[in-house]
Amino acid sequence: MTDANGQTPMIDGFGRRITYLRVSVTDRCDFRCVYCMPEQMQFLQKRELLTLEELDRLTSAFIAKGVRKVRLTGGEPLVRRNILWLIQSMARHLDAGRLDELTLTTNGSQLERFATDLAACGVKRINVSLDTLDPVKFKDITRGGDFAQVMRGIEAADQAGLKVKINAVALRDINEDEFEDLIRYSHRSGFDLTLIEAMPLGDTGSDRSDQYLPLSLVRARLGEHFTLEEVPYRSGGPARYARVRETGGRLGFITPLTHNFCESCNRVRVTCTGTLYMCLGQEDAADLRAPLRASEADDLLNATIDAAIAQKPRGHDFVIERGQKPTLSRHMSMTGG
Ligand code: SAM
């Protein structure tokens, strides 16, 4: 069945409507977070990447098929050369009312430079990943990141009027003593905070079972210091939110391991090479680069997308056990977190 634009809306085999696209614009990152990638990460060659024009065309095809929210991610999206061109170009869909939200997930390192331009393009909210408030620990976790630079970036985003959400991966023995501080810092600054369970994606050179910390445990511990009140608020992603009575701020939990949320999944992901992943936690994928390049019209591309959406898996089944290889060999930086 086609809609008013002659497009087939994206509804998968389980009746889930796909309205959210995450686009990994580069696999490169200026950080090497210990839970994300190995220290000597092998990045793609530049010639393997889609051009920004191709990413624009691909994303626009998804918007024509009913995507209402686009998140640029990576790797670090703001280290892709000329990324502002893509964001400025995508803003036309916001202006035309075809898209509700254009947003980014970033490590914050380049925000000082980009915040004003992002706001001018119509970006309203951004997610900034920040796992610790300790500059020395920050350098260790990111393998070289500059904490002060990130804080200046967050400040610049706030000043530019962007609504900031802080994302922190819960890491056993690494930042598990900091969640209270992260809550107080975020809520004092007027930011939501979301805690995320570490997922078994890609080899990092260390055993994930050493890092994995179930959020069910974190939540129980936080309950000893804070009053967490369930709230129905949803940000369009998998986070479930609570209001922290003592701070008045919102605290989200993303629990791919302890509580599966796939039944309401509304999203798919495209990598910087044009591979469509229908689920972050499964291998199912479709190459969109070949149909994209095969013709200037989008017919073949749209047919490939339709066939892929029909194959979207029911959900992921992550497991983290001692000594076990990661569930999937690809890193989060490839598929886009
Ligand atoms: N560079 C950007 C950033 O740092 O936000 C965007 C890409 S990064 C891969 C997106 C998010 O994925 C970050 O919040 C990061 O902490 C998270 N992440 C990376 N690897 C992860 C893993 N194995 N499990 C859970 N979260 C992970």
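Taken over the stretch 283-299, the criterion of being surrounded by fewer than 18 Cβ atoms within 10 Å (Cβ to Cβ) and assigned to a loop (DSSP other than H, G, I, E, B) is satisfied by 283, 284, 295, 296, 297. Would you say residue 31 is among the hydrophobic types (A, V, I, L, M, F, W, C) and more than 30 Å from residue 109 (Cα to Cα)? It is false that residue 31 is among the hydrophobic types (A, V, I, L, M, F, W, C) and more than 30 Å from residue 109 (Cα to Cα). Within the stretch 163-215, being open to solvent by less than 10 Å² (accessible area, probe 1.4 Å), in a loop (DSSP other than H, G, I, E, B) and farther than 19 Å from residue 107 by Cβ holds for 200, 213.
Is it the case that the stretch 37-46 has a residue that's open to solvent by 60 Å² or more (accessible area, probe 1.4 Å), in contact (Cβ under 8 Å) with a residue 12 or more places away in the chain, in a loop (DSSP other than H, G, I, E, B) and closer than 29 Å to residue 263 by Cα? For the stretch 37-46, residues open to solvent by 60 Å² or more (accessible area, probe 1.4 Å), in contact (Cβ under 8 Å) with a residue 12 or more places away in the chain, in a loop (DSSP other than H, G, I, E, B) and closer than 29 Å to residue 263 by Cα: absent. Taken over the stretch 234-243, the criterion of being open to solvent by 20 Å² or more (accessible area, probe 1.4 Å), over 16 Å from residue 184 (Cβ atoms) and at pLDDT 90 or above is satisfied by 240 alone. Do we have residue 49 as within 16 Å of the ligand (Cβ to nearest atom) and farther than 30 Å from residue 137 by Cα here? Spelling it out, residue 49 is indeed within 16 Å of the ligand (Cβ to nearest atom) and farther than 30 Å from residue 137 by Cα. Scanning the stretch 1-27 for residues that are of a type in the set (D, E, K, R) and in a strand (DSSP E or B) returns 17, 22. Yes or no: residue 57 among the basic types (Lys, Arg) and more than 16 Å from the chain's Cα centre (by Cα)? When the stated conditions are applied, residue 57 passes them. Remark: residue 233 falls outside the filter, which requires a residue to be hydroxyl-bearing (Ser, Thr, Tyr) and under 16 Å from residue 168 (Cα atoms). Within the stretch 190-203, residues that are more than 12 Å from the ligand (Cβ to nearest atom) reach partners that are modelled with pLDDT under 90 with beta carbons closer than 8 Å, at six or more positions or on different chains, in the pairs 192/235. In a residue-by-residue description of the stretch 231-253, the property of being assigned to a helix (DSSP H, G or I), within 21 Å of residue 129 (Cα to Cα) and either within 16 Å of the ligand (Cβ to nearest atom) or under 17 Å from the mean Cα position of the chain (by Cα) (or both) applies to no position. Out of the residues in the stretch 153-162 that are of a type in the set (A, V, I, L, M) and either more than 20 Å from the chain's Cα centre (by Cα) or in a helix (DSSP H, G or I) (or both), state the one that is surrounded by the fewest Cβ atoms within 10 Å (Cβ to Cβ). The extreme case among them is 160.
Residue 30 meets each of the listed conditions (1) open to solvent by 10 Å² or more (accessible area, probe 1.4 Å); (2) of a type outside the set (Lys, Arg); (3) away from the ligand (no atom under 15 Å from the Cβ) apart from (3).
Check the stretch 28-35 and report whether any residue there is under 19 Å from the mean Cα position of the chain (by Cα) and either of a type in the set (Val, Ile, Thr) or assigned to a helix (DSSP H, G or I) (or both). Checked the stretch 28-35: at least one residue is under 19 Å from the mean Cα position of the chain (by Cα) and either of a type in the set (Val, Ile, Thr) or assigned to a helix (DSSP H, G or I) (or both). Tell me, yes or no, whether the stretch 148-164 has at least one residue that is in contact with a Lys or Arg (Cβ under 9 Å, 6 or more places away or on another chain), free of Cβ contacts under 8 Å to residues at least 40 places away in the same chain and among the basic types (Lys, Arg). Yes: one or more hits.
The values are calculated or read from the model by the stated rules, or taken from the named source; none is laboratory data. In this text, all values refer to a predicted model and were calculated from it rather than measured experimentally. Virtual Cβ from ideal backbone geometry, glycine too; neighbours counted across all protein chains shown. Accessible surface is based on the protein model in full, side chains and every heavy atom, while ligands, DNA and RNA are left aside. Shrake-Rupley method; radii C 1.70, N 1.55, O 1.52, S 1.80 Å.
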